[in-house]
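Step one of this worksheet: look at the structure below.
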Amino acid sequence: LLHYLATEVLGELPGELIEFLRLAAIPERFDAELLAEVLQRDDVPYLLGRAQALGLPILPLDERGDQLRFHPLWRELLLRPDDPPSAPAPLQTLHRQFGQALEARGDLDEALSHYASAEATDELTRALRQRAWPMLQSPRRETVRRWLEQLPADLRESDPELLYMWGYSQIINAPDQALSAIERAA
């Protein structure tokens, strides 16, 4: 199916539109403003409208149709590693920029995902320190734990704040491990 889409659908699209779609597929969900900010293009609304007019599988996530996502199969095709986008910046840089834009919008989970994809440990660590504390007081503490475990273990173990956060994130599911980590952090 991917081969069919690549040859029959992508093959018929203009190169400029294909390259834009490949860059737009980097975030899991997006809107024109986010893409324009990160990609630094003023033709994003036009290109999105053109893609939608062609019937490409760009699905709305809200009633107004502002928040969008690609159909998962279509996104997989656009992000295939054997045919990387000829982006104005390396893929890791774009992930970092998407992370920064999404963090500024308050979408911490998506921002952290992009920082992890960019292997931007410094950004991931900074965002956790600055924004994850309130999440530790909620059922979302599991999300914090998952992101802390994305960090190298030696970094987490050698940083008291991160170690404390990691311990606290386990307080419900693994209280003994949580207490041990919190004591080491202290």
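Modelled this way, with points 7 Å down the Cα-to-C-beta line, the labels at ILE172 and ARG105 are 2.7 nm from one another. In the calculated pair-distance distribution of the range 34-174, the portion above 24 angstrom amounts to 42 percent of the Cα-Cα pairs. Farthest towards the positive end of the charge dipole of the chain, among the residues LEU151, ALA32, HIS95, is the Cα of LEU151, using unit charges on the Cβ of Lys, Arg, Asp and Glu.
Accessible surface for the range 53-162, divided over its residues, is 55 Å² per residue with a 1.4 Å probe.
Mind jotting down the distance between the C-alpha centroids of the range 149-173 and the range 96-147, whole Å? For the range 96-147 versus the range 149-173, the Cα centre distance is 14 Å. What is the diffusion coefficient of the range 131-186 in µm²/s, taking the Kirkwood radius over Cα pairs and the Stokes-Einstein relation at 10 °C with a viscosity of 1.306 mPa s? Calculated translational D: 147 µm²/s. Measure nothing but the geometry: give the 0 to 90° angle between the long axis through the Cα atoms of 15-24 and the longest principal axis through the Cα atoms of the chain, rounded to 10°. Tilt relative to the chain: about 20 degrees.
Exposed loop positions in the chain were taken to be GluC sites (Glu not before Pro) whose DSSP state is not H, G, I, E or B and which have at most 15 other beta-carbon atoms within 10 angstrom. Between these positions, the longest stretch is 64-118. Across the accessible surface of the range 14-164, with the other protein chains kept in place and a 1.4 Å probe, carbon and sulfur atoms take up 49 percent.
In percent, rounded to a whole number, the relative contact order of the chain is 14, using alpha-carbon pairs under 8 Å and six or more apart.
The values are calculated or read from the model by the stated rules, or taken from the named source; none is laboratory data. Only a predicted model underlies this, so the values are computations on that prediction, with no experimental measurement involved. All Cβ positions, glycine included, derive from the backbone under ideal geometry; neighbour counts span all protein chains shown. Surface accessibility is based on the protein's heavy atoms, side chains included, excluding ligands, DNA and RNA. Shrake-Rupley method; radii C 1.70, N 1.55, O 1.52, S 1.80 Å.
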